[in-house]
Amino acid sequence: MIRSYVLHIILITALIFGCDYLIGTYFSFRFEKNTCEHAGGDLNAFLKSDEVYDTLIIGSSRVNTMINPNLLGNKVTNLSKPAKHFYYSVSVADLLYQYRRLPKKTLIVNIELEDVFIETEERLIEDVCYLKYYYGKNDFITSTINERGIFERLKFIFSSYRFNGENFKLLTNPLQDICDKSENGFFPLIKGKNDKKRLKQGLLEMKKLHYTIENPHFDQNIIHLKKLCDKARIQLIFIHGPNYFIPEYMQKGDLIMDRICKKNGISFINFSKLYANEFHFEPLWYDHLHLNSDAANNYTLLVKEELKKLKKPATKYRGIIH
Amino acid sequence: MLFNSLDFLIFFLSVFVVYWTIPCRARWIILLICSYFFYAYWNPLYVFLLFASTLIDYIFGLYFTSSNNSWKQRVGLIVSLSLNLGMLFSFKYYNFFADGINVLFTGLFNHKVVPNFSILLPVGISFYTFQSISYAIDVYKKQIPAERNLGKFALYLSFFPQLVAGPIERAKDLLPQINTANKTLSYDLFKSGLKYVLWGLFMKVVVADNLATLVDSKFELLSSRTGGEMLFAMILFTFQLYCDFNGYSRMAVGLAKLLGYDLLINFNYPFVSSSFTEFWRKWHISLSRWFRDYIYHPLGGSKKNLGITIRNTAIVFIVSGLWHGATINFLLWGVMCGVLMIIEILIKNYFLQHIYLPARLKFLGIPFVFSLFVLTLVPFRSNDLNDSLLIFEKIADCSFNELYFWFADNRFSPGLLGLYILIFIEIWFGLKLNSSWNIKNRISESAFYTVIFFMILLLGKDTGSQFIYFQF
C-alpha cells in the first residue's frame, strides 16, 4: 500500500517537473521570438537589434505618453513602461549594459519624486518582477527580486515561474491578433471630453498621498546607475516631468533628489519646478499625471531645449544641478 | 501571515512535519503554540486580546456547568455576552458610533463630545468573537458540556486555519475533534486536503487577485467611467469577492484536513440559486447559520406571523451588514439584502402560494438573483456613500460606450481566463448539485490538478495580497 502511494507521489512529482520543463522551454522560445510591446517584447527587440542610438529615455507612462522621441532627434528612442518606476529603470539600464546596448551618448531617466520615499519601495521592487525572465541572468535584477523575501528564490525552482503574470500574453495575444505598435515608444493621449473629470478626481486622490521618510536604499541605486554610465562613458540625466499640481511630498522629494544628484555629479532637470506656471493649465492635461498629445509635443520641445542647455557646461539656471 | 505567501508555506510545512511526527497526545499543544504564533506574527500585542476572549468564555463555560441557579446562569450569560461584544465594540464600532454622536452634537453645540481613537482593528476579531459567543450560549443551553481543559478550549478559538476569516466553527463540531487524540494521516485525507488547498489558491491568486486589478482600475477616476463599465466592474467584483473568500475558506478546509480536522464548507455554489433564501443558505454558510441559530430563531424565526418574520429578517440583515464593517456602506448593503429578502418572503406569501411553479422552471431565477446580488454589492465595494450613489446613477444611465473595447482588450487577461475555468467548473458541479470532487478517473484527476498547479504558477498574482474578509 505505502509503496503504491510513494510511487504515486514520485510519479506526480516527475509529471510536474516534466511539465514545468516543457512549459519553461516553450515559453522561453516564445519570449525570445517576441518583439511586440507586451511581455517585454520591446525590450527583447531592443536587446537583439543592431541599431545604434545616441540617446535613450527610460521611465514610466509619463515618458511613454509625454515625450515624443522623434522630436528629440533622429537617434533617440524610448524604452519606458507604464507604471514602472525607478528600480525598473535601473534594471533595464543594467541589462542594457550587460548586453552592451546602452546608447552612445546620453541616458535620460525619468524619475517620479515619490520614488525617493521608503513608503513606495515595495512597489519599486514589484516593478522589477516584470523582468523575472532575467532572474539568474542579471545580477541586479536577481538581487532586487530577492529583496522581496528570504524565500523568494524558492519560486524559481520552477522554470515556468519566470513567465508568471504579464508573460502569459505571449500565448493569448496572438489569439486576439494584438501587437501594440507605437511611434518609437510614444503613445500620445488624445484629448477627450472626460479629461477635466479625470484631472479633478485624480487631483483629489493625489492630495490624499503623504510620503515622509526618505528611502535609504534609493541613493545606492542612483550610484549604481551612475557607475554603469561612467563605465559605458555616457552622460546620465535625470528628469522629472511637469505636474498640474505639486503636493508637499514632491517638494520634499525634489530637495532629496537635488541633494543626491549634487553629491554624485548628476544632472537633474525638474520640469515640474522649472515650468510650474506654464503647465498649470487644465486644457493641457489628459488626467492629473499625463499631458494630452498636443501638450506632450510642446513638452518634448522644452525637454529638447533644456538638454541643449545642459551641453553648455558654463550655463547655470534654476532647477538644474551640474 | 497570509495563506498565499511563501512565509505561510514554510510555516505550514514545518507545522505539518512536526505535528505528524510527535506523539498523538502532544499534538494539540503544538497546534495551540503554532496558532498563537500565527496570530502573533501579525501583531504580537493582540494575542492578549485573543487570550482574554478565551479566558472569559472558558470561565463562564465552567460557571454555567457548576451553577444550578438559572437566574445566576442568565446573569452570567449576560455578563459573558457583554464582555465579548464590548471587546468587539471597542475595537470595531467605537469610532463609527463616536462619529455619529459627534455629527449630531456638532450640529447642536458646535463641538465634538466623544473623542476618536486610531485603533488598529485586530484581524479576525469578528470571527473568533462570534465563535466564542456561540460556545457560551451552547454551554448555557446545555447543548454541549463545558470544556475543562483551558489549552484545548484556547485551541478551539485560535485554530490557525480558521482563526482570521472563519469558517465560524461550532464547539460541538470542533472540540470533539481536538479531543480525539489518535488521528492518522491517510493518503486519501492528504490528497483531499491538498486538492482543497490547490483549488482555493487558484481561486484566490488566479481569479480574485487578477480580477481585482481590473476592478480597481475601474474604481479609479470613477467620475469619468460609463455605466456599462461600472456594471461590468461590479459583476467582476462579485466574482472577485466570491473567489477571494471562497478561496480562503477552501484553503482553510484543506489545511485543516491536512492536520486531520474537518471544517465546515463555507460556500456551496451560491450563484446557482434560484431564490435569495437558497442563496443565503449557500453563501458564507457558517455566518448565515450563526445568525439563524443565535439571532433569527431566538427572536421567533418564521414560525409566528408574517410581521414577526419580516422584523426578524430585517434585524438579521442589519446586524449582518454591521458585522461586515462599521460604515454606512456596509449598513446600506445589509439593508438592501434585507429588503430583497423581505420582498421575496412577501412574494412567496401572497403570490407564489397560489401558483404552481414547476421545479424545472426554477433555473429562471438564477440570473435574477445573481443580478440583484451584484447590485447590492455596490455599497460593499465603494469607498463611501457618494461613490455608491454615483455608481448607481451611472448604471441607471445604461451607457455602454467603451465597454466592448475594454472587454475585447481584456477577454484573455489572466483574471478572465481564470474566471472562465471557474465558471465552467462551478456550473459543472453546481448543476449536478454535487459539492464533492468526484472526478473518478485517476489520470484525468491528476491532469486537472496539474493544469490548476501550472495556472497558479503562470497566472497567479504573487504579490501576497490580503484577503478581503481579513478586514472584518
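The values are calculated or read from the model by the stated rules, or taken from the named source; none is laboratory data. Just so it is clear, the structure is predicted and the values come from calculations on it, not from any experiment. All Cβ positions, even for glycine, are placed from backbone atoms using ideal geometry, and neighbour counts span all protein chains on display.
Worth pointing out:
- A single member of A:Leu72, A:Leu47, A:Leu15, A:Leu96 is away from chain B (no Cβ under 14 Å), in contact with a Ser or Thr (Cβ under 8 Å, 6 or more places away or on another chain) and of a type outside the set (S, T, N, Q), and it is A:Leu72.
- Qualifying residues in segment A:122-142 (those that are loosely packed, with under 15 Cβ neighbours inside 10 Å and more than 11 Å from chain B (Cβ to nearest Cβ)) - the one farthest from A:Val92 (Cα to Cα): A:Gly136
- Being surrounded by 18 or more Cβ atoms within 10 Å (Cβ to Cβ) and at pLDDT below 90 is true of B:Tyr269.
- Here the helices (runs of 4 or more DSSP H) wholly within segment B:376-465 that include at least 1 residues being modelled with pLDDT of 80 or more, within 27 Å of the chain's Cα centre (by Cα) and among the acidic types (Asp, Glu) are B:385-397.
- Selection of first residues in segment A:102-118 that are outside any helix (DSSP H, G or I) and of second residues that are of a type in the set (Asp, Glu) and surrounded by fewer than 24 Cβ atoms within 10 Å (Cβ to Cβ), restricted to Cβ pairs under 9 Å at least 6 apart or on distinct chains, gives the following pairs, ordered by first then second residue: A:Pro103/A:Asp54; A:Lys104/A:Asp54; A:Lys105/A:Asp54; A:Thr106/A:Asp54; A:Phe117/A:Glu214.
- So B:Ala171, is it of a type in the set (Gly, Ala, Ser), surrounded by 22 or more Cβ atoms within 10 Å (Cβ to Cβ), out of contact with any His (no Cβ under 7 Å at 6 or more places or on another chain) and assigned by TED's automatic domain parsing to the domain that holds B:Phe12: yes
- Scope segment A:47-101; condition under 12 Å from the mean Cα position of the chain (by Cα), polar (S, T, N, Q), in a helix (DSSP H, G or I) and under 24 Å from A:Lys191 (Cα atoms); matching residues: A:Ser61, A:Asn64
- Some residue of segment B:47-59 being modelled with pLDDT of 85 or more, acidic (Asp, Glu) and either under 19 Å from B:Leu174 (Cβ atoms) or touching a Lys or Arg at 6+ places or on another chain (Cβ under 6 Å) (or both): yes
- Segment B:372-425 - residue that is over 30 Å from B:Gly334 (Cβ atoms) and of a type in the set (Val, Ile, Thr) and, of those, nearest to the other protein chains (Cβ to nearest Cβ): B:Ile421
- Filter pass, A:Thr212 being in contact with a Gly (Cβ under 7 Å, 6 or more places away or on another chain) and either touching a residue at least 24 places away in the same chain (Cβ under 8 Å) or more than 14 Å from chain B (Cβ to nearest Cβ) (or both): no
- Residue match in segment A:102-115 (condition: farther than 14 Å from A:Asn221 by Cβ and of a type in the set (Val, Ile, Thr)): yes
- Verdict on A:Ala295 being over 19 Å from the mean Cα position of the chain (by Cα), over 19 Å from A:Glu121 (Cα atoms) and assigned to a helix (DSSP H, G or I): yes
- Filtering segment A:184-201 to residues that are assigned to a helix (DSSP H, G or I) and facing another protein chain (nearest Cβ under 8 Å) leaves A:Lys197, A:Arg198, A:Lys200, A:Gln201.
- Here A:Glu248 meets each of (1) surrounded by fewer than 19 Cβ atoms within 10 Å (Cβ to Cβ); (2) out of contact with any Pro (no Cβ under 8 Å at 6 or more places or on another chain); (3) farther than 14 Å from A:Val116 by Cβ with one exception, condition (3).
- Some residue of segment A:143-154 being assigned to a helix (DSSP H, G or I) and away from chain B (no Cβ under 13 Å): yes
- When residues in segment B:208-238 are screened for being over 17 Å from B:Leu389 (Cβ atoms), polar (S, T, N, Q) and surrounded by fewer than 19 Cβ atoms within 10 Å (Cβ to Cβ), 2 of them pass.
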